[in-house]
Amino acid sequence: MASLLCARHPDLPLFLLGESMGGAVVMNMQREAPCIRGIVLVGPAVWGWQTMPFWQRNSLRLAAHVAPGKTLTGKGLKITPSDNIEMLRALGRDPLVIKATRIDTIYGLTSLMEAALLSSAELATPTLILYGEQDEIIPRNPTCDMLKRLPANAVTRVVLYPEGYHMLLRDLQADVVLQDVVSWIHNQSATLPSALEVNTGTSRTRLLCEDA
């Protein structure tokens with residue numbers, strides 16, 4: 001689709017934005033369409049097999065082969081995807097939102113995240129990576145692993161939001177995040193409005209990753 005858009009509108013810049021699982025998809029296809037001007041990764045899902053604790057990894061593999069059709073929900077996990085409680089309640093009431101997921105789907109998602117993590121070492125397209133330090137969905141460990149794998153010559157900018165959760169584009173501070181995205185799309189070298197950009201070697205990034 002990206003290639004078709006580039007062919008039909010050659011004079012328009014094309015940017016890809018992927019949130020969570022969408023971020024993993026974008027990371028895996030970024031080499032497929034060289035016409036892409038930039039990539040925005042919002043809390044990218046990079047929690048692959050190698051970054052999971054062994055008991056989670058082995059349990060998921062066993063369950064996917066023994067009971068692939070069994071469905072699971074997030075009840076009982078006690079994790080918060082966003083500080084926007086009203087938004088979360090609205091999603092809970094929405095009949096079109098999937099409430100239970102098959103185990104074999106989770107297995108496939110994990111393989112997708114693994115591929116995305118590995119592909120971060122070849123990230124050549126200019127990229128804006130956004131991560132909330134309160135993210136409880138994609139842990140710090142795989143996120144830090146992704147940051148460490150970025151090639152030294154990558155045109156990559158990283159923004160860490162101290163009060164941000166996983167759903168950065170729906171959080172209460174979503175406007176701050178969206179302003180950064182729009183600013184970067186218009187000028188990839190300009191200072192971002194939030195002033196929360198970091199380099200992967202800065203003290204805040206090291207603080208984020210020191211226990212990961």
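The values are calculated or read from the model by the stated rules, or taken from the named source; none is laboratory data. Everything numeric in this text was worked out from a predicted model, so none of it was measured. Here the Cβ is made from the backbone with ideal geometry for all residues, glycine too, and neighbour counts use every protein chain on show.
Taken over the range 19-71, the residue count meeting the criterion of being β-branched (Val, Ile, Thr) and either touching an Asp or Glu at 6+ places or on another chain (Cβ under 8 Å) or over 30 Å from residue 189 (Cβ atoms) (or both) is 5. When we screen 161, 131 for residues that are surrounded by fewer than 22 Cβ atoms within 10 Å (Cβ to Cβ), touching a Leu at 6+ places or on another chain (Cβ under 7 Å) and among the aromatic types (Phe, Trp, Tyr), the only hit is 161. So, residue 103, is that one exposed (fewer than 13 other Cβ atoms within 10 Å of the Cβ) and more than 16 Å from the chain's Cα centre (by Cα) or not? It is false that residue 103 is exposed (fewer than 13 other Cβ atoms within 10 Å of the Cβ) and more than 16 Å from the chain's Cα centre (by Cα).
Is it the case that some residue within the range 88-105 is over 25 Å from residue 192 (Cβ atoms), in contact with a Ser or Thr (Cβ under 7 Å, 6 or more places away or on another chain) and basic (Lys, Arg)? For the range 88-105, residues over 25 Å from residue 192 (Cβ atoms), in contact with a Ser or Thr (Cβ under 7 Å, 6 or more places away or on another chain) and basic (Lys, Arg): present.
Each row is one residue, and each column tells you yes or no for (1) surrounded by fewer than 18 Cβ atoms within 10 Å (Cβ to Cβ); (2) at pLDDT 95 or above; (3) touching a Lys or Arg at 6+ places or on another chain (Cβ under 8 Å).
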site	(1), (2), (3)
139	yes, no, no
153	yes, no, no
157	no, no, no
173	yes, yes, no
179	yes, yes, no
182	yes, yes, no
186	yes, yes, no
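Counting only helices (runs of 4 or more DSSP H) wholly contained in the range 18-136, no element carries 2 or more residues that are touching a residue at least 60 places away in the same chain (Cβ under 8 Å), closer than 30 Å to residue 155 by Cα and among the charged types (D, E, K, R). Within the range 106-128, restricting attention to residues that are of a type in the set (Val, Ile, Thr) and touching a strand residue (DSSP E or B) at 6+ places or on another chain (Cβ under 9 Å), the residue that is surrounded by the fewest Cβ atoms within 10 Å (Cβ to Cβ) is 106.
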